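First up is the structure itself, then whatever we jot down about it.
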Amino acid sequence: MDFNLTSLSFLNESKFNSIDTSKVYDIVIIGGGPAGLTAAVYAMRKGASVALIAKHAGGQVAETSGIENYMGYRYINGLELVDKFKDQVLHFTIDYDEGGEVEAIEDEGIKKVLLKDGRIIKSKSLIIASGKRWRKLGVKGEDEFIGKGVAYCSICDAPFFAGKKVVVVGGGNSGVEAAIDLAKVAKEVIVIQNLDKLTADKILIDKLNSFTNVNFLYKTVVREIIGDSFVKTILIENTELLQKSEIDVDGIFIEIGLVPNSDFVRGVVELNSNGEIIVDCSCSTSARGIFAAGDVTSVPFKQIIIAAGEGAKAALSAWEYLLNEE
């Protein structure tokens with residue numbers, strides 16, 4: 001096999017193969033989160049030839065500390081749930097590639113998936129389940145200090161800030177979850193919210209309020225991130241009083257939402273104003289033979305259980321499409 005299996009070392013290699021660029025697959029799935037992995041199971045159960053391309057197996061679930069609302073589990077952490085998804089996929093034989101990045105797709109009857117490394121994967125149908133990525137603040141110093149105090153994943157990076165003073169930007173579910181993760185290890189956590197209140201679920205807000213090392217700055221935004229070799233200070237502004245001030249910090253976690261990973265399909269399928277792929281009730285896009293599922297789509301309520309269900313639906317719709325095309 002000619003691809004890197006580092007992150008999947010626990011899997012049985014006999015169960016999957018590298019993707020064959022000379023082959024025309026029945027279904028190619030782009031994305032390795034709950035939607036993509038569920039779609040793979042449903043497609044393979046139908047007997048379809050399937051290839052799955054995942055930049056990062058597990059998607060956002062792999063970066064989630066705790067899950068309490070996925071049926072069958074009172075509590076499970078994200079990596080454990082991803083492992084269970086992968087294990088179920090591996091009951092079948094699948095052509096799989098982790099780490100490959102999709103640059104574009106072409107729809108000329110036979111669908112073509114163009115990877116950034118130059119490979120072209122061909123298929124009769126596509127399921128796009130590419131999920132979302134972290135939204136950036138877009139302020140001076142943000143890109144400069146990524147990995148040097150600027151972070152987007154508390155489950156990944158919280159341990160590096162034990163005993164430190166950190167800021168979390170964002171008062172929604174992701175921001176409050178990050179603040180909870182950090183409050184367990186950090187000396188002080190400051191939550192910055194541009195609104196006058198937190199917008200996370202009440203159960204999360206109540207949990208965050210149980211910590212004594214967490215403070216809040218409302219109606220406040222970050223204007224600049226400052227440092228030398230590492231983040232030292234952030235410049236903030238109170239949007240009501242129009243007053244600017246500086247806070248000395250050891251790190252800043254940016255948790256202000258997500259952006260759909262849909263750039264590679266622009267011009268091929270229809271997107272909404274948020275960049276999400278517009279789908280109907282059968283997960284069909286505006287392009288015949290191309291389906292989409294999960295957080296990259298216009299389907300409301302971005303939840304693991306919904307993404308998995310949409311992945312199943314997309315696979316069944318793709319199979320029905322293939323039968324009708326014969």
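The values are calculated or read from the model by the stated rules, or taken from the named source; none is laboratory data. Quick caveat, the model's predicted, so the values are computed rather than measured. Neighbour counts run over all protein chains shown; Cβ positions are idealised from the backbone, glycine included.
Some observations on this one:
Results for (1) modelled with pLDDT under 95; (2) surrounded by fewer than 23 Cβ atoms within 10 Å (Cβ to Cβ); (3) over 16 Å from LYS111 (Cβ atoms), shown as yes or no for each residue.
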{"site": "SER229", "(1), (2), (3)": "yes, yes, yes"}
{"site": "GLU237", "(1), (2), (3)": "no, yes, yes"}
{"site": "SER245", "(1), (2), (3)": "no, yes, yes"}
{"site": "ILE252", "(1), (2), (3)": "no, no, yes"}
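- Among residues of region 208-222, those that are surrounded by 12 or more Cβ atoms within 10 Å (Cβ to Cβ) and more than 17 Å from PHE253 (Cβ to Cβ), counted: 3
- Of the strands (runs of 3 or more DSSP E) lying entirely inside region 42-143, those containing at least 2 residues that are among the polar types (S, T, N, Q), over 20 Å from the mean Cα position of the chain (by Cα) and modelled with pLDDT of 90 or more are 120-128.
- Selection within region 157-167 - more than 19 Å from the chain's Cα centre (by Cα) and of a type in the set (A, V, I, L, M, F, W, C): PHE160, PHE161, ALA162, VAL166, VAL167
- Selected residue (only one of GLU103, GLU144, GLU80 is assigned by TED's automatic domain parsing to the domain that holds ILE27, out of contact with any strand residue (DSSP E or B) (no Cβ under 7 Å at 6 or more places or on another chain) and at negative phi): GLU80
- Test result for VAL299, hydrophobic (A, V, I, L, M, F, W, C), farther than 30 Å from ILE76 by Cβ and crowded, with 16+ Cβ neighbours inside 10 Å: no
- The set of residues in region 182-219 that are within 23 Å of PHE301 (Cα to Cα) and touching a residue at least 40 places away in the same chain (Cβ under 8 Å) contains only ASN194.
- For region 157-172, a tally of residues being surrounded by fewer than 22 Cβ atoms within 10 Å (Cβ to Cβ) and farther than 11 Å from VAL249 by Cβ returns 6.
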